[in-house]
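Take a look at the structure below.
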Amino acid sequence: GEYALRERVTADIKIGSYLFKVSGQRTIEEGWIRYYKPYTGVEDNPLPSLEKGDRLRVLSLEVAERFEQPPPRYNQSSLLAKMEKEGIGTKATRAEIIDTLYQRGYIVGSSIEATDLAFSVIEAMKEHSPNIISTEMTREIERALEGIEKGEVSSADVIEKAATHLLSALEGLKAAEEDLALKVKEAAKASLAAEDIIGECPLCKKGQLKVLRSKKTGKRFVGCTNYKGGCRASAPLPQKGKVRSLSRVCKVCGWPMISITLGRYPWRMCVNPSCPTKRKVSRL
Ligand SMILES: [Zn+2]
Ligand SMILES: [Zn+2]
């Protein structure tokens with residue numbers, strides 16, 4: 001097709017002792033771009049005409065701080081792909097490994113987030129037995145297992161090698177058992193505590209509503225974490241069934257919504273005892 005001609009102008013502008021760079025571009029001869037315009041992404045943003053040595057007026061100065069977008073979180077399928085790329089697990093075990101991570105509370109959500117528990121386990125392992133969390137070791141063992149499948153190496157050799165690796169890793173862990181147990185226990189406690197949080201307190205808007213147990217009766221109820229700050233928000237709870245936050249508030253009164261699982265069906269309800277919806281508990 002016809003040639004296109006584009007002009008690109010750059011200018012260095014000195015303000016005080018700082019140098020600013022600016023550039024603009026425009027199309028002079030449209031040429032083939034005429035036909036492909038929507039697909040080229042070519043845009044004109046010409047600079048006003050400038051001559052070397054021009055003096056410009058500074059209209060405004062702005063200090064801006066910008067951050068790069070963090071990479072997107074993994075979901076189950078992108079995590080599977082990453083594991084495959086890293087050589088972690090086999091076709092048969094990868095999905096199961098991810099399931100286990102969910103079940104043990106190391107990850108949550110469909111856009112996967114690692115929990116504090118996961119971080120503290122990794123931290124503790126890093127400190128005491130870096131081998132066991134290195135993908136290198138896992139990969140080596142997986143590769144050896146494949147070797148057995150293909151009949152390239154003897155299973156006795158592989159088992160002995162893997163056992164030596166694992167034993168030395170386990171020895172490191174064994175020596176640090178108490179420290180590890182303590183760290184992981186703290187994290188587990190914290191993650192359990194987070195589970196009991198139901199949502200922001202609608203009364204004081206400072207504390208959080210949380211499942212608590214009465215020291216006197218042992219019965220559970222909902223109270224505000226800002227009790228010491230004077231907030232008396234509270235609500236009764238059924239004594240049986242698993243209580244979960246639904247991470248949203250009641251449209252009528254603004255208190256958090258919860259679900260209670262007793263038997264097969266979860267029930268959702270507003271936690272506010274005097275909510276106008278109270279008489280209509282709906283079934284999921
Ligand atoms: Zn409160
Ligand atoms: Zn309500």
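The values are calculated or read from the model by the stated rules, or taken from the named source; none is laboratory data. In this text the structure is predicted, and so the values were computed from the model without any measurement. Positions of Cβ are generated from backbone atoms using ideal geometry, with glycine treated the same way; all protein chains shown enter the neighbour counts. Surface areas here come from the heavy atoms of the whole protein model, side chains and all, with no ligands, DNA or RNA. Shrake-Rupley method; radii C 1.70, N 1.55, O 1.52, S 1.80 Å.
Looking at Ser247, Ser234, Ser274 in this structure, which one is surrounded by fewer than 12 Cβ atoms within 10 Å (Cβ to Cβ), farther than 26 Å from Gly105 by Cβ and either more than 15 Å from ligand 1 (Cβ to nearest atom) or not assigned by TED's automatic domain parsing to the domain that holds Thr115 (or both)?
On the way: Ser247 fails: farther than 26 Å from Gly105 by Cβ; Ser234 fails: surrounded by fewer than 12 Cβ atoms within 10 Å (Cβ to Cβ).
After applying the criteria, what remains is Ser274.
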Please name all residue pairs, on different chains or six or more residues apart, with Cβ atoms under 9 Å, provided the first residue is in segment 265-278 and is more than 8 Å from ligand 2 (Cβ to nearest atom) and the second residue is open to solvent by less than 60 Å² (accessible area, probe 1.4 Å) and part of a helix (DSSP H, G or I).
Met269/Thr277; Met269/Lys278
Check whether at least one residue in segment 99-120 is of a type outside the set (S, T, N, Q) and more than 17 Å from the chain's Cα centre (by Cα), and report yes or no.
no
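I want to confirm something. Restricting to segment 197-226 and keeping residues that are small (Gly, Ala, Ser) and away from ligand 2 (no atom under 16 Å from the Cβ), which single residue is nearest to Val243 (Cα to Cα)? Let's see the steps before the verdict.
Filtering segment 197-226 down to residues small (Gly, Ala, Ser) leaves 199, 207, 214, 218, 223.
So of that shortlist, the ones also away from ligand 2 (no atom under 16 Å from the Cβ) come out as 207, 214, 218, 223.
Working: Gly207: 19, Ser214: 16, Gly218: 16, Gly223: 14 Å.
Result: Gly223.
Arg73 - would you say it is open to solvent by 100 Å² or more (accessible area, probe 1.4 Å) and touching a strand residue (DSSP E or B) at 6+ places or on another chain (Cβ under 8 Å)?
Details: open to solvent by 100 Å² or more (accessible area, probe 1.4 Å): yes; touching a strand residue (DSSP E or B) at 6+ places or on another chain (Cβ under 8 Å): yes.
Judged against the criteria, Arg73 is a match.
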Residues in segment 180-196: is at least one under 28 Å from the mean Cα position of the chain (by Cα), away from ligand 1 (no atom under 16 Å from the Cβ) and in a loop (DSSP other than H, G, I, E, B)?
no
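With a cut-off of at least 1 residues that are under 30 Å from Met137 (Cα atoms), name the helices (runs of 4 or more DSSP H) lying wholly within segment 1-112. Lay out the reasoning, then the answer.
Numbers: elements: 33-40, 76-86, 94-103.
By residue number, 76-86, 94-103.
Go through segment 213-228 and give me each residue that's more than 8 Å from ligand 1 (Cβ to nearest atom) and in contact (Cβ under 8 Å) with a residue 12 or more places away in the chain. Reasoning before the result, please.
Applying the first criterion (more than 8 Å from ligand 1 (Cβ to nearest atom)) to segment 213-228 yields 213-223, 228.
Once the filter is applied, which keeps residues that are more than 8 Å from ligand 1 (Cβ to nearest atom) and in contact (Cβ under 8 Å) with a residue 12 or more places away in the chain, segment 213-228 yields Lys219, Arg220, Phe221, Val222, Gly223.
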Does segment 184-193 include one or more residues that are open to solvent by 60 Å² or more (accessible area, probe 1.4 Å), in contact (Cβ under 8 Å) with a residue 60 or more places away in the chain and under 22 Å from Ile107 (Cβ atoms)?
yes
Which members of segment 31-69 meet the condition of being over 17 Å from Asp12 (Cβ atoms) and open to solvent by less than 90 Å² (accessible area, probe 1.4 Å)?
Gly31, Ile33, Thr40, Gly41, Val42, Asp44, Asn45, Pro46, Ala64
Output the qualifying pairs, or none if there are none: Cβ atoms under 8 angstrom, residues six or more apart or on different chains, first residue in segment 119-137 and among the basic types (Lys, Arg), second residue surrounded by 14 or more Cβ atoms within 10 Å (Cβ to Cβ).
Lys126/Ile133
